[in-house]
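Working notes, structure below.
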Amino acid sequence: MIYYIGIDISKYKHDFCIISNTGEIIVENSSFENNKKGFQELLEKLKPYNKTNVRIAFEATGHYSMNLELYLIDKEYSFMKINPLLIKEFLKTRSLRRTKTDKADAFNIAQYLMSISYKPNSSLLYHTYSLKSLCRTRVLLTNELDKSFPELKPFFNNMISTTLLFILDKYKNASHIALMKDYDSIRCISYGKFTYAKFTKLKELAKNTVGYHDNNTDLLISTYVSLYNYFNDKIIPIDKQISTIVKDLNPSILSIPGIGEITAASIIAEYGDISCFSSSAKMLAFAGLEPSINKSGTLESNGKMVKHGSGHLRYVLMNASLTLLKLNPTFYDYYYKKRSEGKCHRVALSHVCKKLVRLIYKLETKHVEYNPSLLK
């Protein structure tokens, strides 16, 4: 007999129910705390059943489930994470009514689990979780400036340099940068690389910035520079740790010219075990890269990108696609073809991104290295 366990995840406690494959409700309303004692209580409930006959599922709703996931892996239980939108659509097919409670959600998850093919978690979870945390932290540390002076980082080629930190430390905000006069000190800090033409251009950008500024900006910028000077020293060890984990995993996508360790780590971390996807189309859906479809009667059209799933994953894939345009003729020709069809840069780039995802799926599921002949 197969036993289906639906768990509704929350911050302090988790609700669950157990249903057999015959539809018998073994445990209807029960909960356990989000701590070791609570996890042990769950384990006691599961002990009567053979592990191979246990199917566990919960919604993929954030980091609150991570400790439970790692605990289940340690105890050699498998589990499946489900997109909450799928649960929502499943309920619509069963009833027009919507009862929203934690206990009802646990029951609904178990019922949904009974209706689908069970695809349990990957043994790579611990590594991919570590990668996800490291990669997202890295992006957070390097992009905070965009709020107060969005034109600043592109001017410095998206690099947080010593010169940039010196300017921020001394002038605090865009309005002060627009009036700066001490070119010589900046030139010395940059060892002469920051020319007077750049000095003038930066002042002009600061004068016309669209960034938000109020009375607290000076304090926020000073705090940011202090934090960045502190965290800047942390980025190097973060990158080293990412590199170590990626080398252990040795994903096939590292063989794609233009995909470095950081990019590969971000993609693997967000997707997890790619073998769990039955097609590249589902990978596109997971990243929110598929177009919406509007169909009614004789009318049918593709709409905008749905943008469900991980925004960070889309960001990484789109940036990786930009790099591939410079290094891979096949990807550039495909981009040029879409542009010649009248598509704007962003839309054409999204098509390149989809081509990249299809390539990643083939490499990772076939366990082969990149070969230009794989591209069509």
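Counting Lys +1, Arg +1, Asp -1, Glu -1, what net charge surrounds ILE259 among other residues with beta carbon under 13 Å of its beta carbon?
In short, -2.
Report the gain in length on full extension from MET1 to TYR315: 0.36 nm times residue separation, minus Cα-Cα distance, nm rounded to one decimal.
108.6 nm
Computed FRET efficiency, Cβ-Cβ of THR323 and MET159, R0 22 Å: what is it to the nearest 0.05?
0.90
Can you figure out the FRET efficiency of SER20 with THR365, using R₀ = 41 Å and their beta-carbon distance, to the nearest 0.05?
So, using R0 = 41 Å, E works out to roughly 0.75.
Sort ARG314, ARG346 by heavy-atom solvent-accessible area, probe 1.4 angstrom, most to least.
From most exposed to least exposed: ARG346, ARG314.
Tell me, what is the per residue accessible area of the range 38-92 in Å², probe radius 1.4 Å? Kindly include the intermediate steps, with their values, before the conclusion.
Numbers: 2920 Å² over 55 residues.
Heavy-atom accessible area per residue stands at 53 Å².
Test of understanding: extend the Cα→C-beta vector of TYR12 to 7 Å, then name every residue of the range 29-71 with backbone N under 18 Å from that spot.
The answer is 30-39, 64-65, whose backbone nitrogens lie closer than 18 Å to the label point.
Taking 0.36 nm per residue of separation and subtracting the Cα-Cα distance, what length does fully extending ALA60 through ILE73 add?
3.0 nm
Can you compute the FRET efficiency between ALA197 and GLU341 using 1/(1 + (r/R0)^6), with r the Cβ-Cβ distance and R0 = 35 Å? Round to the nearest 0.05. Present the calculation step by step, with values, prior to reporting the outcome.
Numbers: r = 39 Å, r/R0 = 1.11.
Plugging the Cβ-Cβ distance into 1/(1 + (r/R0)^6) gives 0.35.
The values are calculated or read from the model by the stated rules, or taken from the named source; none is laboratory data. Small disclaimer: the values here were computed from a predicted structure and weren't measured. Neighbour counts run over all protein chains shown; Cβ positions are idealised from the backbone, glycine included. Note: areas computed on protein heavy atoms with side chains; ligands, DNA, RNA excluded. Shrake-Rupley method; radii C 1.70, N 1.55, O 1.52, S 1.80 Å.
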